[in-house]
Amino acid sequence: MPMPSTTSRRTLLPLLAAHPGGRSSATCRYRCGDACSQPVPNTSDNTYFGDVVQTAIRRRAVLTGGGAALAGVAWAAAPQPAVAAEDLPDTDHRLRGFPSIPPTPADVDDLVVPRGFTWAPVISWGDPVEPGAPAFDVDHQSVEAQKGQAGYNADYLTLRLDGDRGWRSRRGVIVFNNEYTNPEMMFPDWDGSVTAEQAEIEMAAHGMTVVEVTRRNDRSPWTYRRRGTRNRRIHAWTTFALDGPAAGAAWMRTGADRSGRRVLGTLNNCAGGDTPWGTVLSGEENFNQYFDATDAPDPEGRLARYGITSAGRGWEQADPRFSLVEEPHEVNRFGWIVEVDPDDPGSTPVKHTALGRFKHEGATIRLAQDGRAVAYMGDDERFDYVYKFVSRRRYREGDKRHNLRLLSDGDLYVARFTGDGFQDGEYDGRGEWLPLIVDGESHVDGMAVAEVCTWTRLAADTVGPTKMDRPEDVQPDPHTGRVYVALTNNTARTPGQIDEANPRAANKFGHVIEWREQGDDAAALRFRWRIVLVAGDPSDPGTYFHGTDQREVTPISCPDNVAFDGEPGHLWISTDGAPGTLGTCDGLFRMPTRGRDRGLVEQFLSVPTGAECCGPVISWKDRSVLVSVQHPGEGGQSGYPYLGDSVPRPGVAHVYPRRG
Ligand code: FEO
Ligand code: CA
Ligand code: CA
């Protein structure tokens, strides 16, 4: 087994306490408001569709020892899927290029990279971004300083290169989300309850960061330009425009915004996507946790369906809009996909209500055959859904003004995955996109278009989509058009709730589904799907690695972000939950989806103790890998990025070939 880089292995720390979903307890509290300890918000009576499937699973479970299999991995002894003709090896090369690192114990405080590579921090929390912003000083934090400094907890990350030299370009701009804050690590004098000033610093550390970067050559790291003209911080006071069907609706108006069309800030931005027209999309995910819902009436169950049931994070003492009693409509102005133009730092970012409101993981774009823009989206909640938006207008090459309106108007669908049974030895079936809004008309009884957009979860509940195991990134392969969704885990799924698309009860390790739209057209309304990865320890017979010899693959758990590296079929997966499920650090893995090495999961890097690995941006031509290192030290301690600060500083790291 190859050894990892030994350049900077650091202190060993106690193992993290894990929550049911596999994360540390602090992650649960601050990122998602302890979602996995709360009741499942989806109490709709959508049937778990696969009666036939479940019968087959139970029969198999009985054949293979019954109870134990049903309670844990119901499909443990399933035969390996047959190779479909379309998946016969189409290349003869082995997809090597790095020596897979072994799993890193969860207490190792290091960013471990393969032999032949090295890494450097590009930008970290508190680094000055906007003109006049001071250098990071943990003991002299202020709201004004933080508004101009890089935000906390980097998640989605993208690199947009300048010019037309492709991967050879040496200049560009990176955009990364700042999903949430860890006050227990940010503030040295933290006493367990937030002060009004600390709340405002946290608000300033949320949002997004845009920063210019340069690189000398393909053996040097990306570094950020402190005086980049496109540098920008977007935080909880940045003005956003609302557009689409729900903009201006009565329930979008507040005391501070009588128009219902201007919102301050974006919150809990998780994953995202690039658009062909040069903008960046970002998903507002666990927005529910920021609002104090104490004594807020909820006669129609709308707040409960979104998990808006907590006492918030104390932000209401700094800004009353975070109290539902004070301002009942403010919460309706979060939970959207936002679009930012990184080339225009003076532009007003937009919240697109046409793409629906839920706990948006992210949105990724693929153009349909007729040029319409299709956005794939996951609602990251146990038993929630996968969605697709199809724009009304068509993309026009080079017409940015036109393209900036593509996500303002279109059709909205939610996915149903129907299994064909296990008799064929494959976890697969057919799917359909169930209409919620088509041609400007609501397809949901009793709900107008603007209501469908705002309470999308409740609308979807009525049309019978498939309840999934926490859909995170949904990403089309730019070469093949096949779409991949990471289903990170769902320990709440009972044996009676399994179906062919979510076949594991108490799904602790997660899985990945691939689908192919009918006619390979992103706008199609039908698709065929199959499971390509059932994550976990490969020695566990309940796992599945796209049919490959599992003696050759590495353990992987809780797939979260998925990405492609410029080569056909090179799927990369970053994880969020390995410490609590495998006892290892989270990391970045490559899993080819085609050819001889299909399913051969190898690990490229691991992030420091307590961190999750996010936002991978991979350019395999020059072996360049950018990742976000989110919440290093959470639940313990970390020195990341090892610059001598007394607190860890989440941020963006660049891994690149070592010289010589
Ligand atoms: Fe922020 Fe779905 O992870
Ligand atoms: Ca099947
Ligand atoms: Ca995520």
The chain: Cα Rg divided by the 2.2 N^0.38 Å rule of thumb: 0.89
Dipole-positive endmost among Phe117, Trp515, Val601 within the chain (Cβ charges, Cα centre): Phe117
Once you put a point 7 Å from the Cα of Asp622 and another 7 Å from the Cα of Glu300, both along the Cβ direction, what distance in nm separates them? 5.2 nm
Please figure out what share of the DSSP beta bridges in the stretch 25-657 is antiparallel and state it in percent, rounded to the nearest 5. 95 percent
Length gained if Thr229 through Asp439 is fully extended, taking 0.36 nm per residue and subtracting the Cα-Cα distance, is 71.5 nm
Placing +1 on each Lys and Arg Cβ and -1 on each Asp and Glu Cβ in the stretch 281-379, then taking the dipole about the Cα centre, the residue among Ala311, Leu367, Ser323 whose Cα reaches farthest towards the positive end is Leu367
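Quick check: from the Cα gyration tensor, does the stretch 295-442 come out rounded (a/c under 1.5), prolate or oblate?
Oblate, since a/c reaches 1.5 and b/c is not below a/b.
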Would you calculate the separation in nanometres between label points at Ser37 and Ala311, each defined as 7 Å from the Cα along the Cα-to-beta-carbon direction? 1.3 nm
Total lysine pairs whose alpha carbons fall under 27 Å of each other in the stretch 25-657 (8 or more apart, or interchain): 13
Which number comes out as Rg/Rh for the stretch 489-536 once both Rg and the Kirkwood Rh are worked out on C-alpha atoms? 1.10
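Assuming a ≥ b ≥ c are the square roots of the Cα gyration tensor eigenvalues, decide whether the stretch 172-321 counts as rounded (a/c under 1.5), prolate (otherwise, with a/b larger than b/c) or oblate.
Oblate, since a/c reaches 1.5 and b/c is not below a/b.
Given the DSSP H assignment, sum -39500 (n - 2.57) over each helix run of at least 4 residues in the chain and divide by its residue total; what's the result at 222 nm in deg cm²/dmol, nearest 500?
The helix contribution divided over the chain gives -2500 deg cm²/dmol.
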Mind checking the per residue accessible area of the chain for me, 1.4 Å probe, whole number of Å²? 34 Å²
Within the chain, what whole-number % of the accessible surface is contributed by carbon and sulfur, with the 1.4 Å probe and all protein chains included in the calculation? 49 percent
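Once a ≥ b ≥ c are taken as the square roots of the eigenvalues of the Cα gyration tensor of the stretch 438-519, is the result rounded (a/c under 1.5), prolate (a/b larger than b/c) or oblate (a/b not larger than b/c)?
Verdict is oblate for the stretch 438-519.
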Residues of the stretch 619-660 with amide nitrogen under 13 Å from the 7 Å Cα-to-Cβ point of Glu567? 619-624
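The values are calculated or read from the model by the stated rules, or taken from the named source; none is laboratory data. Worth saying up front: this structure is predicted, and the values here are computed from it rather than measured. Using ideal geometry, Cβ is built from the backbone for each residue, glycine included, and neighbour counts are taken over all protein chains shown. These area figures cover heavy atoms from the full protein model, side chains too; ligands, DNA and RNA do not enter into them. Shrake-Rupley method; radii C 1.70, N 1.55, O 1.52, S 1.80 Å.
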